[in-house]
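Colleague: This is the structure I have questions about; it appears just below.
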Amino acid sequence: MNKSSNTAGPGTPDPGKGSSAAEIEPVADVVSRAQAGDPGALAELVRRFQDMAVGYAWSLLGDFHLAEDAAQDAFIQVLGDLTSLREAAAFPGWLRRIVFKHCDRHTRRAGLSTVPLEGVVELTADMKTPNPLDELERAEAAGVIRIAVASLPEHQRETVTLYYIGEHSQSEIATFLDITEGAVRKRLHDARKSLKETLLDMVKKTLHNDAPSRDDRFETHVLLGAAAERGDLAEVRRILVAAPELARQDAAGSDEHQPLHYAVYGNQLDVVELLLAAGADPLKGIYPHREATSPRAMAFDRGLTPIVEAIDAHLARQRGASDVGRDLGNAAGRGDLAGVAAILDSDTSALDARDNRGRTALHRAAEGAHLGLATMLLDRGADVDAEDADGRRPLQMALHHGWKVPDDQYSSYTAMAGLLVGRGARYDLWAAAGLGDVAGVRGFLDAGTDALNGVDGRGAPLTVAAFRGHANIATMLLVAGADPDAKFPIDVAGEPFVQTGEPMWLAANRGHRAVVEALLAGGATAQASIYASGSAIEQSLLHGHVEVADLLFLHGAVGDPLTYCVTNDLAALAEKLQAHPEAREKLMWSAILAGNEAVVQHELAYGTAIPVERHFNLLEQAIRGWRIGNLKIGTQGWDRRSYLRNLQRLVDAGFELTMRNSRTSRADFTILHHLAARSCNPGDYGHTVEEVVEFARILVDGGAEVDALESQLHSTPLGWAARYGQLELCRFLLTRGADSNGGDADWARPLAWAQRYGHDKVAALLQEAGATA
């Protein structure tokens, strides 16, 4: 993209920056056209000001991913509210104030942490002569530059960022910041003097490379999100014709909002229907509270009945979903044989009814290894090979179930698989590999009729054989030519990503040494990692499979701080940090997540100061209960109350408890909201009720706001606790002064949440405290 076409604005450009004044349409005219509904003018505003908006946000936040997210949300608000702007020429300053507001949601003005600029200049002293840096080195160099700019005074930081991120003139910058051109020149002069020549050149290059105008991704996502929220059906259709994949693509790597979310925010039924037809997923939530943030859930909670009905109709057409299918699936998921039988006795046609994900009751029975329930369903004639929306059959759920299932339950899943096969489930190479059927595997391999590596790498027989511990089968498949790393494509934030090493990861997780040996002999990578789930070496050590870990170490695998914090191998941890000093940045996160008190105490006493913008993430790990939630992580000699004590240490160390989640500015929940959601603690093995209340007591005593409002569910921590049925947490918050009617809207108040989700005891408690519907 030609940057000079994207940077017009008011005033006379500097020589060599932007276009000549004669070529530039005054910004007031562009705004006026946009206010009149000209989609081209809306796009022009985004193109002209995207670098300024992101640059200004970065000067406040110090992180380009967060800056793009804040700027994107600001643009979506601006384009939706454009008709309210009375003076078209005031657009630049208006945009700046709205960007500031969205950045403020992230920081609550906690401020950027800085380092002395002299140290940064010293780091770059040997960078004057270009060197062939690899990707990591370039990323590290960019990090140095960002620290350098962050070390400038705020007024210099914002000015130098705006000047070098795009092709903007001093006049344009002055208008945007609402200062004089003379002030801009003075700030630039002072910043250049501080940065020195070498560092200044790197600043120019880094900011230029990070500018959103480097491609059209930012502009397109902004225009699509804004059009979806304001209900501009023609504009949404125009964008999707050119790029249909955007209907199901995340807004950014750090923001899982999709266009359908924005359409729900704006209550735009026509846009919702268009996006659904284009492939949008109405059940896709936003991390970390996915259940509460899917488009359907948000429409349901807001009382947007026409949108809920449109989504349900879509699910019925595409996945066969129905009310009876949802009820049947819920009962089957609980293993409620009597409940399932009662539904089927009253409606015999419901046997193969589907839930929202296209699953039948037999899918749910297989998923939970409910053998008696599955037998009853099959006796009644359930389709043994029914496929859900992802193409999975009950047999696949039985053989490749969740890896967190306790070891003593694996035999139940094997029995389930045997039942399904005995009742006629399709038997192929994958199934034979999962069941350890040597003769069957040999027969399928000789026939050559089944895909050796699954379909596009998915459903590889080698993966299920590794998971189930069949080393002989793994060897047969590898000799036949199976990919030892079982590569397959996955979707990450709407972008394609190649996953590799799942057989090794699963074998290490399960402690199947013979399988690991077979994979290594077949050419598998020892340093296998799974997206967002760690490495094979980490899995083997976390679960106490020392012999497997030793084998992987000998083949080149390396551990990381989290691994050694869990195993409390401080000698290995020290050696890791000595060899890789950059790993220290993750040390505190790892220690808190692992509940390692010794390392947390050491880092608080002797480690470097922790930037305030990292406080929320570290507090999040303290309440997460990760080590409790994974039943297979060794806990011998470890006290689960370590998490409580570590949280108290963070509070005592002055951690800022008013900081907000920074993944997306709309989801600006506090740590107390996050605790109420129990998002990382499944009900069957998370924190106890007493522990949750004790966490809350530490946070509230430390200064957490009991009535803080967030911008996505528009609720207080009490509202979230009511939504998730946390009776004792609700009781505690009320004793600490929480507003029983707190919330931004009637549907978002605590009593509304409790009643909507059937938490009768919570509702009664709230009504006793004065809550009203």
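Taken together, the values in this text are just the output of simple stated rules run on the coordinates, not laboratory data. All of these numbers come straight from a predicted model, not from anything done at the bench. Cβ placement follows ideal geometry from the backbone for every residue including glycine, while neighbour counts extend to all protein chains displayed.
Colleague: Which order, highest average first, do 401-411, 637-647, 264-274, 201-211 follow once you tally other Cβ atoms within 10 Å for each residue and take the mean per peptide?
Modeller: Top to bottom by mean Cβ count within 10 Å: 264-274, 201-211, 637-647, 401-411.
Colleague: Take 91, 64 and order them by how many other Cβ atoms sit within 10 Å, fewest up front.
Modeller: Fewest-to-most Cβ neighbours within 10 Å comes out as 64, 91.
Colleague: State, to one decimal in nm, how far the label point of residue 238 lies from the label point of residue 442, with both points 7 Å from Cα in the Cβ direction.
Modeller: Going by the 7 Å Cα→Cβ label model, 6.6 nm.
Colleague: Just report the Cα centroid separation between segment 712-756 and segment 566-621, whole Å.
Modeller: Using only Cα atoms to place each centre, the spacing works out to 34 Å.
Colleague: On a full-extension model of 0.36 nm per residue, what is the gain between residue 521 and residue 178, subtracting their alpha-carbon distance, rounded to one decimal in nm?
Modeller: Full extension of this stretch gives 116.8 nm more.
Colleague: In addition: Can you tell me the length gained on complete extension of the stretch residue 154 to residue 558, counting 0.36 nm per residue apart and subtracting the Cα distance?
Modeller: 141.3 nm
Colleague: Let me ask something additional. For residue 602 paired with residue 390, estimate the spin-label separation in nm (one decimal), with each label point 7 Å from Cα along the Cα-to-Cβ line.
Modeller: Taking the simple label geometry, residue 602 and residue 390 are separated by 3.9 nm.
Colleague: Further question on the same structure: Using just the Cα positions, wrap segment 648-768 in a convex hull and report its mean projected area in square nanometres, one decimal place.
Modeller: Over every viewing direction, the Cα hull of segment 648-768 projects on average to 7.2 nm².
Colleague: Find, among the chymotrypsin sites (Phe, Trp or Tyr not before Pro) in segment 492-538, those assigned to loop by DSSP (not H, G, I, E, B) with at most 10 other beta-carbon atoms within 10 angstrom.
Modeller: Answer by residue number: there is no such site.
Colleague: Right, another one. On average over all directions, what projected area in square nanometres does the chain have, based on the convex hull of its Cα atoms?
Modeller: 35.1
Colleague: Here's something else I'd like to know. About the Cα centre of the chain, how large is the charge dipole given +1 on each Lys and Arg Cβ and -1 on each Asp and Glu Cβ? Please answer in debye to the nearest 20.
Modeller: With Lys and Arg at +1 and Asp and Glu at -1, about 560 debye.
Colleague: How much length, in nm to one decimal, is gained on full extension between residue 318 and residue 574, taken as 0.36 nm per residue of separation minus their Cα-Cα distance?
Modeller: Here the segment from residue 318 to residue 574 would lengthen by 86.8 nm.
Colleague: On to the next question. Taking the Cα of residue 97, stepping 7 Å toward and past its beta carbon, and measuring to each backbone N in segment 152-191: which are under 15 Å?
Modeller: Residues 176-179 qualify, since their backbone N sits under 15 Å from the label point.
Colleague: Another one. Using r as the Cβ-Cβ distance of residue 38 and residue 214, and R0 as 30 Å, what FRET efficiency do you calculate, to the nearest 0.05?
Modeller: 0.70
Colleague: Give me Rg/Rg_expected for segment 435-516, where Rg uses Cα atoms only and Rg_expected = 2.2 N^0.38 Å with N residues.
Modeller: For segment 435-516, the normalised Cα radius of gyration is 1.10.
Colleague: For residue 609 paired with residue 334, estimate the spin-label separation in nm (one decimal), with each label point 7 Å from Cα along the Cα-to-Cβ line.
Modeller: 5.4
Colleague: While we're on this one: Please sort 666-678, 214-226 by packing, taking for each peptide the average over its residues of neighbouring beta carbons within 10 angstrom, highest first.
Modeller: Those peptides, ordered most packed to least, come out 666-678, 214-226.
Colleague: If you filter segment 56-98 for trypsin sites (Lys or Arg not before Pro), then keep DSSP loop positions with at most 10 other Cβ within 10 Å, what is left?
Modeller: Here the sparse-neighbourhood loop sites are 86.
Colleague: What ranking of 563, 635 emerges when the number of other C-beta atoms within 10 Å of each C-beta is taken as an exposure proxy, fewest first?
Modeller: 635, 563
Colleague: Sticking to Cα atoms, compute the Rg of segment 474-534 to one decimal and its Dmax as the biggest Cα-Cα distance, whole number, in Å.
Modeller: 12.1, 37
Colleague: Based solely on its DSSP helices, what 222 nm [θ] is calculated for the chain when runs of n ≥ 4 H residues each add -39,500 (n - 2.57) and the sum is averaged over all residues, nearest 500 deg cm²/dmol?
Modeller: Mean residue ellipticity, 222 nm, calculated: -17000 deg cm²/dmol.
Colleague: Calculate how steeply helix 410-422 sits against the longest principal axis of the alpha-carbon atoms of the chain, using the helix alpha-carbon long axis, and give the answer as 0 to 90 degrees to the nearest 10.
Modeller: 70
Colleague: Work out the charge dipole of segment 218-319 with +1 on the Cβ of Lys and Arg and -1 on the Cβ of Asp and Glu about the Cα centre, then indicate which of 318, 285, 272 is farthest towards its positive end.
Modeller: The residue sitting farthest along the positive end of the dipole is 318.
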